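> One structure, pasted below without further comment.
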Amino acid sequence: MPRQLNLTIWPDLNLVSVVRRFAEEALEKALDDLDAVSRAAMAVHELVENAAKYGSGGAIDLHVELEGAEITIEVTNRATPEAQNALRAAFAEMEMADSPLDHYQALLRRAARRTTGSGLGLARVAFEGEMSVAARFDGDAVRVRAVTRAS
Amino acid sequence: MTIAPIELPALTASARLADDAIWVTLAGTADAHAQSALAAFLCDLHASATAGKIGAVEIDVRDLIFMSSSCMKPLVTWLASIDAAEDGEGRYSVCFLSNPRLHWQRRSLQALSCFAAELVSIQQ
């Protein structure tokens, strides 16, 4: 039976680190692989922070599931059409890259020149988190799903 | 040397000059709230290192529990500034003193070091 953690929070950047710590401590109770715990906690932080920064308000739903060695993290929130299009573009660029490493390094170089934002969160989840990342759009709702494995 | 410290509830940063190097300590959590403060701190740091013709910056992150991508941006901008400088004009080595128990540091600092591989090193 998969183990699940479900959390609904209001969109507040002050809560992102709180949520990360909670998820990390919960995962530490369930997994021996502390590297996987760290990767998953990082992904929780990045995805929830993105939802708080770029969502259009309303609740942010976090779902963390452990089934065997597989760790799934899903964050669902509401987003404007503009924000959804920006997210689609980010995923399209990620899919076109030769590798998560190449994509991440390109974004790091770009981040040095950007005046606002970093654009790094999703790429960090993919590369540093060693996760497959995908988004689903349903009306004004966006769900970002990241999956990885513990050893 | 004037580098105003960061004294946020979640993040602190300080710098001191010793032996032709600037020693920086970052501690706590560097998330979206700290982005502006970290950017200003690193800007002051680079200006001071350049003016003082400093040879090295040692940055102790052993107590930096987590850093989000929001704060990786100012770090990346800072490293890019160093890498773009000419010798003797704001170009100095950077050494991160890291904590092996904080797994995220190994991955993130390695990625950052790729920015200026000749200048950046990581110690545990």
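Taken together, the values in this text are just the output of simple stated rules run on the coordinates, not laboratory data. Note that the structure is a prediction, hence the values are computed from the model and not measured. Backbone-built Cβ (ideal geometry, glycine too); neighbour counts: all protein chains shown.
> Pairs needed: first member in segment B:21-48, within 10 Å of B:Leu11 (Cβ to Cβ) and within 14 Å of chain A (Cβ to nearest Cβ); second member anywhere, among the β-branched types (Val, Ile, Thr) and not in a strand (DSSP E or B); C-beta distance under 8 Å; at least 6 residues apart or different chains.
Every condition considered, the pairs that remain are B:Asp31/A:Val16.
> Is it the case, given these coordinates, that B:Ala34 is of a type outside the set (Phe, Trp, Tyr), surrounded by fewer than 15 Cβ atoms within 10 Å (Cβ to Cβ) and closer than 18 Å to A:Arg114 by Cβ?
Here the answer is no, as B:Ala34 does not meet what is asked.
> I need every pair where a residue in segment B:99-123 that is farther than 16 Å from B:Ala56 by Cβ has its Cβ under 9 Å from the Cβ of a residue that is crowded, with 18+ Cβ neighbours inside 10 Å and of a type in the set (Phe, Trp, Tyr), sequence separation at least 6 or different chains.
Every condition considered, the pairs that remain are B:Leu102/B:Phe66; B:Trp104/B:Phe66; B:Gln105/B:Phe96; B:Arg107/A:Phe127; B:Leu109/B:Phe96; B:Ala111/A:Tyr104; B:Ala111/A:Phe127; B:Leu112/B:Phe96.
> Just to check your reading of the model, which residue among B:Leu8, B:Leu45, B:Leu64 is among the aliphatic types (A, V, I, L, M) and closer than 24 Å to A:Tyr104 by Cα? Before you say what the answer is, go through the steps one by one.
Details: B:Leu8 fails: closer than 24 Å to A:Tyr104 by Cα; B:Leu45 fails: closer than 24 Å to A:Tyr104 by Cα.
Only one candidate passes the filter, namely B:Leu64.
> Out of B:Arg101, B:Arg91, report the one residue that is in contact with a helix residue (DSSP H, G or I) (Cβ under 9 Å, 6 or more places away or on another chain), more than 21 Å from A:Asp35 (Cα to Cα) and among the charged types (D, E, K, R).
B:Arg91
> Only one of (1) more than 13 Å from the chain's Cα centre (by Cα); (2) more than 10 Å from chain B (Cβ to nearest Cβ) is not met by A:Val19, so which one is it?
(1)
> Name the helices (runs of 4 or more DSSP H) wholly inside segment B:14-124 in which the number of residues that are of a type in the set (Val, Ile, Thr) and closer than 17 Å to B:Ile3 by Cβ is 1 or more.
B:35-51, B:69-84
> I would also like to ask the following. State the number of residues belonging to segment A:22-58 that are touching a Ser or Thr at 6+ places or on another chain (Cβ under 6 Å) and away from every other protein chain (no Cβ under 12 Å).
The total comes to 1.
> Please enumerate the residues belonging to segment B:75-90 that are crowded, with 19+ Cβ neighbours inside 10 Å and more than 9 Å from every other protein chain (Cβ to nearest Cβ).
B:Leu75, B:Ile82
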